[in-house]
Each structure stands twice: as C-alpha cells, then as structure tokens.
Amino acid sequence: CESLSDSSFGHPIQAIQRQLILEDMGALFSSQDDGHLDAQLLRAATGQFSASSSLGGAFHFGKLDERKVAVKVLKRSASFEVQAFIKRAVVLCSISPHAHVLPPIRWSQTESKSFVVYERIDGPTAATRLERSRSANGEAFQWVERLRVVASTASALSYLSNCSNSGLHLNLKLSSIMFDRTGQVKLTDFGFQGLESSSLPERTEAELQVAEIRDFGRLILELLLPDMALARQVSMAAELRELLSSPLDPTASWPAALAKDLMEVALTCLSASSPPPGMTSIAEQLMQLWLQHRDGAVGGDPASSDDMTVGFECIYSSQVDVSNLPDNLKTWVFAPKEAPWRIGRQHQKETFVRLVPDQKLCTCIARTHLELRPETLAEDFPALRLQPTSNNPIVVDGKPMLLGPSGSEDAILQNGSKISFCYRDEIFLTLRLWLKKGRFDPEEAPSTAGFALICEAAQGSSRDDLPMEARSIMLKPSGTAVGRQDQKGFFERLLPIPSASQSLGAQREYLHCVSRKHFEIKALSGGPPQQQRFEVLNFSSNPIMLADNLLPEGKKATMQVGDSLQFVVEDEAGTIVPYLTLRLHMLAGPKAVEAPATEESLSEPFSLYLRGSAVRQDFAESKRSIPGKPSGLTVGRLHQHSLHEKAFVDGVLGHISREHFSIKAGKDDFLLTPLSQNAPMWHVRGDRQQRLMPDDAAVPLQDKDVIMLYTGLAADGSGNFGTLEWVFRTRAFGSDVA
C-alpha cells in the first residue's frame with residue numbers, strides 16, 4: 001500500500017478505491033490516467049490560489065505544462081463522499097471530445113477541498129453576453145446566436161447522456177456556457193452532487209434527469225424573455241402558457257413564429273416528469289427549428305451555377321511560405337454546373353497535404369468541411385452561400401462560423417472573401433475566393449487590387465507574433481464597418497484584457513474603448529488603385545486620429561494608402577494616448593499579373609522597399625520604395641536626402657552614412673557592396689544572416705533578400721533604435737513585403 005500513498009488523499013486506502021472504481025468501469029476508461037493530479041502541482045500552478053490568480057467566484061487561473069487552465073475550488077459539505085466525487089471526476093475527465101462540450105481535464109483534493117481543472121478559454125459566458133446586450137451601447141446578442149446557444153447546449157446534453165452512465169451536467173445555467181475565441185459554444189463548469197448543493201436532499205438519478213430537463217427549459221426562457229427573474233420562477237405549465245403572449249426580449253429581435261416554437265419546447269421541458277423526455281429528441285427538434293428558420297437570417301435567392309465559376313487561392317499557411325509556391329500548387333478552380341462545390345480533404349487531398357504538411361493539423365480540415373452554393377444578391381452580382389458541414393470551426397471574413405450536430409450557420413461570400421481554418425483558436429490556413437460569372441480566366445480576377453487595414457501596434461507593442469490574417473481587416477468596395485460587432489475576435493486578440501495577476505495600473509484595459517461600430521471606411525471613386533482615397537466616418541463617442549488630426553463622433557475625414565488610423569483615449573492628465581494603430585495597405589490580387597514591358601518598366605529592373613520598427617509609423621507607404629536603375633543604385637543621406645530626413649525615428653539618422661551601400665549590375669544579377677566605415681550591415685536571405693563590412697566581396701542579391709542596417713547598440717544591449725531594413729524586389733514584385 002505504501003506505493004499507492006498520495007499526500008493529497010490523506011490515506012493510501014483512498015488511492016486503492018480510485019483504482020477499484022477504474023476497474024469497475026471496464027475498458028471504456030484507461031487505468032493509466034484517471035485525470036488525478038497532485039494538489040501541490042495545482043498550488044504551484046495558481047500561486048497558492050492567491051487573490052491575484054482569481055478569475056472570480058470559485059475559479060483561479062494557472063498554467064500546467066504551459067497550458068492555460070482554470071481551476072475550480074470546491075469546499076466540501078458534510079454530506080460529501082470521497083468515493084462519489086472520485087467516480088464522477090474520473091468519468092468527466094474521460095469524456096471524448098465533442099464540439100460543444102468542455103469537460104474537466106484534471107482533478108484533485110485535499111482534506112477539506114476538492115479541485116476540478118478545465119482548459120481555460122478566453123471568451124465570455126452566455127450570461128455575460130446576455131447582460132451586455134441589455135446594457136446601454138451593449139454588444140449585440142441576436143436571436144440567431146441565442147438559437148445556436150440553445151441548440152448547441154441541447155446537442156451537448158444529448159451527447160453527455162449517451163456517453164456515460166453519469167451523463168448529467170448538474171450545473172446547467174447560462175454562466176456554464178462559454179464562447180471560445182472562434183465563437184464556438186462550449187458547455188462547461190460541471191456540477192458535483194453533494195458539494196455545491198449541500199442544503200438539498202440527495203436525489204435519485206431519475207430525479208436529477210427531470211431537474212436538468214427543467215433547468216434547460218428555464219434556460220430557453222432566459223434567452224427569450226426580457227426578465228430573467230421571471231423566467232427562473234416559472235414552474236407550472238399554466239404559468240408558462242400565460243407567458244406565450246408575453247413581450248419578448250427586444251434586443252434579440254426574435255421572429256414571432258420561432259419564439260412560439262421555442263416556447264413550446266420550453267413548456268415540454270418545464271412540464272417534464274419521470275421518466276423525462278430524452279435530450280436526443282429535444283436536440284433533434286431544435287435542429288429542425290434551426291433548419292426551418294435559418295434562411296431568415298441570411299438573405300438572397302437561389303441562383304443558377306451554369307454561368308458561375310469559383311476558384312480559391314491559399315494566401316496564408318502557418319506551415320508553408322505560400323509566397324514561394326507556384327500558382328498551380330496553391331490554387332484550384334471549380335467549373336460551372338458542378339454546384340454544390342465542396343471543400344475538404346476528400347476533394348482537394350493533395351492540395352491540403354501540400355499546404356499543411358503536419359498530419360495532425362491537416363486532419364483539422366474535415367473530409368468535407370464546407371459546401372458552396374450559388375446565390376444572387378442583386379442583378380449580375382454573383383455570390384455564394386457557404387454552409388459548414390464539419391464540427392471543426394472556420395472563420396469567414398473575420399467572423400467565426402458556429403456549427404455542430406445542432407445545425408450550422410450560413411454565410412454569404414463575395415469575390416475576395418476569405419475562409420480560415422482553425423486549431424485551438426489559432427488560424428493555420430486561409431483561402432481567398434475568386435468568383436465571377438462566365439468562363440473563368442485566371443488572369444482576370446487577381447488583377448484587381450484590394451485594400452486592408454493592418455495592425456502595426458497595440459498597447460505600445462508590435463503584434464508581429466500574430467499571423468497577418470489575424471491582424472488585418474479586409475475592406476469591401478461597398479464600405480466596411482469597423483468595431484467589435486463586425487470584427488468579432490479581432491480586437492480581443494489585439495487588446496487582451498489584463499490578467500488579475502498584473503498589478504493595478506501596469507496595463508490598462510482598452511478593449512472597452514472600442515465601440516460595437518466604431519467607424520466606417522468607404523472607397524471614394526476616381527483615380528488609380530495606388531492613389532485610391534477612402535472616406536472615414538466616426539460613429540463612436542470615442543475619437544480616432546487620422547494623420548495626427550483628431551476625428552470626433554459624427555465627423556468625416558479622408559485617408560489614402562500609407563496613412564495610419566489610431567484608436568485613442570485621453571489619460572488622467574488630459575493627454576491623447578493612442579492604444580491601437582492600423583495602417584491602410586494596398587494588397588496585390590491572388591496572382592501578380594505581369595504587364596507588358598514598357599520603356600519605364602525596363603528602366604526600373606528592381607526596387608528597394610523600406611520597412612522596420614525604426615521607420616516612423618506616419619511615413620507614407622507610397623514613399624517607402626526607391627526605384628533602381630539598370631546600372632544600379634547607391635543608398636545614403638547624400639542620394640535620398642528627403643527620405644532620410646523624414647522616414648526615421650529620432651536617433652537613427654546618425655547611424656546612416658552619406659553613402660551607406662551600393663547595388664550594381666553584375667553579369668547575371670545585381671551585387672550588394674557595403675560602403676560605410678562607421679556602421680556594419682547584414683545581408684539576410686531566409687533564415688541566414690551574413691554580416692558585411694566595406695572590405696568584403698560584393699554579394700549577389702535575389703528577390704526578397706533583406707539589407708539590414710545597424711541602428712546602435714551599447715555593450716549592455718541598450719541604445720538600439722529598432723530594426724531598419726531594405727527589401728530588394730525585382731521588377732514584378734508584389735506587395736507582401738509590407
């Protein structure tokens with residue numbers, strides 16, 4: 001028995017009991033890992049459950065093996081039985097994955113307390129969403145999302161009832177339902193009989209089933225009615241019948257027919273008696289409601305696919321540098337008359353394996369992940385209706401798509417729309433849509449330039465740790481609303497809420513300063529793409545700043561490519577402080593279309609593009625390129641006087657010589673030669689860096705090579721003014737260097 005002794009149990013016999021429980025469960029669960037964790041590890045992970053680690057209520061946050069966790073601390077009641085807790089904890093920790101269930105991953109206990117460990121997800125609860133929607137200037141929580149919460153929760157409860165003998169949640173309420181970073185609904189925070197409800201008498205399994213069905217009925221009412229207290233008090237069928245004609249929550253815009261149907265489902269649940277109706281039948285009923293009413297949430301009439309062609313190009317992969325892939329390895333085209341068009345490993349197997357070589361990551365793309373059908377929004381304006389067919393989440397044009405056995409959401413796609421695949425809340429693959437009427441010509445669709453607002457800084461720091469897709473807002477030709485409502489998850493990623501472990505005042509919370517609809521940006525007609533101007537209208541009481549000019553609520557201003565837009569607040573001293581900077585970029589299409597050679601283009605065989613943190617954020621994008629000549633180019637303060645005077649942050653110019661380096665034409669390529677005696681420089685190609693000095697031999701350059709300049713560094717590592725890089729591009733370069 002000594003080998004089974006565990007200080008967190010207080011006696012070796014309890015470890016033996018745990019082993020016997022596992023044996024009683026048979027082959028369904030593994031006796032090698034029952035989810036138990038030494039309480040000392042939890043104490044270390046949470047800082048001894050200090051106040052600074054509190055998440056509110058009974059929860060504390062921590063890290064276990066670099067994995068973010070939320071630990072619920074349960075104080076045991078007099079009726080608590082150790083063996084019953086162990087049995088339920090082992091069962092819950094052994095539940096197989098489900099799209100809408102977030103079960104415990106570990107458990108532990110001491111002489112006076114029990115601990116349940118969950119994977120921590122950074123998202124609000126359904127209760128929080130509901131509360132916010134009813135506050136002034138609150139976040140929208142429309143009927144479509146509420147119906148999805150109800151259907152997804154029913155799906156989760158149905159799954160639990162079929163996966164184990166103790167398939168009850170026992171703590172069903174809106175605060176136990178969470179949204180992850182991709183917007184998926186997760187049922188979590190399971191209950192343990194005898195711990196949290198010690199004042200209640202012990203109930204049989206049948207009584208617990210009836211209670212859970214009734215709790216689900218009350219949950220439906222809380223999402224339907226404006227008065228949550230009234231919803232919780234309803235207990236009799238007659239009382240519910242009276243509510244059928246009651247006013248609905250005006251913030252949800254419930255369709256009357258759907259609300260009546262949901263009321264009937266709630267009535268069925270609240271009227272449950274032993275034996276109660278099965279959750280599987282309720283989940284199926286809610287799925288039918290979703291399928292019946294979802295078309296009201298997405299407009300558009302069916303259209304023919306006879307004259308419509310659809311193509312996709314991969315524009316981002318966390319596994320592969322797609323910019324170096326030829327077009328035929330990262331694009332594919334669907335022919336007309338083949339709708340519905342399907343995307344998944346079964347249909348584009350070789351393409352996805354090539355773009356996502358990691359086998360585990362690639363399996364996050366389902367065999368058939370989504371379907372596309374033609375849709376007509378206006379005359380001669382083609383569009384697609386996207387319907388997910390997999391439980392694995394996707395993000396469409398910056399908005400998460402929520403799906404699962406309870407049904408799925410549709411979305412409307414237009415030419416240039418983006419579809420991103422996710423794993424554990426992180427995007428690993430993004431596709432861009434080509435869509436047109438008539439026969440597909442791969443040289444046509446990509447020729448149109450696109451524009452995006454790209455985050456340069458958030459809370460004083462660069463967010464280069466995030467992929468470009470996660471910090472970009474693609475702009476639509478018809479206009480783009482920007483705010484927490486239209487780019488869900490975008491601002492939450494860039495402006496995370498400070499954790500409780502951070503000292504007060506060390507990091508301010510800025511997310512609440514971003515309005516649901518903060519501003520709108522719309523393209524103005526006229527001019528070539530490089531000179532395209534945009535009109536910005538501020539809808540928020542919180543000002544924004546364009547080119548150092550403050551833009552208050554209701555005012556308009558214009559911006560162009562290279563200009564920055566800043567979200568700002570006023571501090572206690574009355575100083576305007578920017579906390580988020582976006583810059584307007586012009587993006588090339590999916591494929592760079594090479595124009596016929598002209599005298600002007602032949603006279604500029606290459607260019608240098610300036611970038612780096614040592615470049616002023618307000619320095620225009622259009623002024624960052626230096627054209628090269630067939631004979632070459634010399635870079636320094638003597639030759640690009642205006643650029644060097646205006647482009648850099650304070651302190652950098654002193655490290656740049658009058659003639660710093662030159663690029664000269666060789667036999668087959670261009671050669672880089674350092675000229676400065678004062679400061680070193682580096683030639684960077686991929687992961688390789690080579691330091692260059694004036695006496696070194698000239699270095700041949702290739703497209704996308706980087707020339708990195710010295711900006712000062714003392715012996716103790718201080719005094720560096722940031723990165724300063726020139727990117728060498730051949731004549732047919734794209735715009736991805738930005």
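The values are calculated or read from the model by the stated rules, or taken from the named source; none is laboratory data. Note that this is a predicted model, so its numbers are computed, not measured. Glycine gets a Cβ as well: all are built from the backbone with ideal geometry, and neighbour counts include every protein chain shown. Heads up: the accessible areas ignore ligands, DNA and RNA and are worked out on the full protein's heavy atoms, side chains in. Shrake-Rupley method; radii C 1.70, N 1.55, O 1.52, S 1.80 Å.
For the range 683-695, filtered to residues that are within 22 Å of Leu638 (Cβ to Cβ) and open to solvent by 60 Å² or more (accessible area, probe 1.4 Å), the residue that is farthest from the chain's Cα centre (by Cα) is Asp695. Across the range 180-210, the qualifying residues are those that are among the hydroxyl-bearing types (Ser, Thr, Tyr) and at pLDDT 75 or above, and the one among them that is surrounded by the fewest Cβ atoms within 10 Å (Cβ to Cβ) is Thr204. Which residue pairs have Cβ atoms under 9 Å apart, sit 6 or more places apart or on different chains, and have a first residue in the range 603-614 that is of a type in the set (D, E, K, R) and a second that is in a strand (DSSP E or B)? Within 9 Å, the pairs are Glu604/Pro627; Glu604/Lys629; Arg611/Val706; Arg611/Glu725; Arg611/Trp726; Arg611/Val727. When Trp107 is tested against (1) more than 25 Å from the chain's Cα centre (by Cα); (2) open to solvent by 30 Å² or more (accessible area, probe 1.4 Å), just one condition goes unmet, and that condition is (2).
Taking the conditions (1) open to solvent by 50 Å² or more (accessible area, probe 1.4 Å); (2) at pLDDT 90 or above in turn, Leu244 satisfies each one other than (2).
Of all positions in the range 169-178, at least one carries a residue that is over 30 Å from Phe491 (Cα atoms), modelled with pLDDT of 80 or more and surrounded by fewer than 22 Cβ atoms within 10 Å (Cβ to Cβ).
Only one of these is modelled with pLDDT under 75, in contact with a Gly (Cβ under 6 Å, 6 or more places away or on another chain) and either of a type in the set (S, T, N, Q) or within 30 Å of Ala283 (Cα to Cα) (or both): Ser79, Ser31. Name it.
Ser79
Taken over the range 551-566, the criterion of being of a type outside the set (D, E, K, R) and assigned to a strand (DSSP E or B) is satisfied by Leu551, Ala557, Thr558, Met559, Gln560, Ser564, Leu565, Gln566.
With the structure loaded, tell me whether Ser642 is over 42 Å from the mean Cα position of the chain (by Cα) and either open to solvent by less than 70 Å² (accessible area, probe 1.4 Å) or in contact (Cβ under 8 Å) with a residue 40 or more places away in the chain (or both) or whether it fails that test.
So Ser642 fails the test.
Would you confirm whether or not the range 711-724 contains a residue that is assigned to a loop (DSSP other than H, G, I, E, B), open to solvent by less than 40 Å² (accessible area, probe 1.4 Å) and hydroxyl-bearing (Ser, Thr, Tyr)? Yes, the range 711-724 contains at least one residue that is assigned to a loop (DSSP other than H, G, I, E, B), open to solvent by less than 40 Å² (accessible area, probe 1.4 Å) and hydroxyl-bearing (Ser, Thr, Tyr). Counting the residues of the range 446-461 that are open to solvent by 10 Å² or more (accessible area, probe 1.4 Å) and either at pLDDT 75 or above or of a type in the set (Val, Ile, Thr) (or both) gives 8. The listed residues are Ser657, Ser662, Ser676, and the only one of them that is closer than 24 Å to Ser631 by Cβ, part of a loop (DSSP other than H, G, I, E, B), in contact (Cβ under 8 Å) with a residue 12 or more places away in the chain and in contact with a strand residue (DSSP E or B) (Cβ under 9 Å, 6 or more places away or on another chain) turns out to be Ser676. Here is the figure for the range 52-65: residues that are free of Cβ contacts under 8 Å to residues at least 60 places away in the same chain and either surrounded by fewer than 13 Cβ atoms within 10 Å (Cβ to Cβ) or aromatic (Phe, Trp, Tyr) (or both) total 5. For Arg120, are the conditions met, namely being open to solvent by 10 Å² or more (accessible area, probe 1.4 Å) and in contact with a His (Cβ under 8 Å, 6 or more places away or on another chain)? Spelling it out, it is not the case that Arg120 is open to solvent by 10 Å² or more (accessible area, probe 1.4 Å) and in contact with a His (Cβ under 8 Å, 6 or more places away or on another chain). Set side by side, the residues Leu653, Leu671, Leu675 differ, and just one is at negative phi, in contact with a helix residue (DSSP H, G or I) (Cβ under 9 Å, 6 or more places away or on another chain) and surrounded by fewer than 18 Cβ atoms within 10 Å (Cβ to Cβ), which is Leu653. Taking (1) buried (at least 17 other Cβ atoms within 10 Å of the Cβ); (2) modelled with pLDDT of 80 or more; (3) in a helix (DSSP H, G or I) in turn, Met25 satisfies each apart from (2).
In the range 289-333, the qualifying residues are those that are polar (S, T, N, Q) and modelled with pLDDT of 80 or more, and the one that is nearest to Pro374 (Cα to Cα) is Thr331. Residues of the range 334-347 that are closer than 21 Å to Lys436 by Cα and modelled with pLDDT of 85 or more: Trp341, Arg342, Ile343. Considering the range 311-330 alone, what residues qualify as being of a type outside the set (A, V, I, L, M) and open to solvent by less than 30 Å² (accessible area, probe 1.4 Å)? Result: Gly311, Phe312, Glu313, Cys314, Ser317, Lys330.
Here Arg691 meets each of (1) basic (Lys, Arg); (2) modelled with pLDDT of 80 or more; (3) not in a strand (DSSP E or B) with one exception, condition (3).
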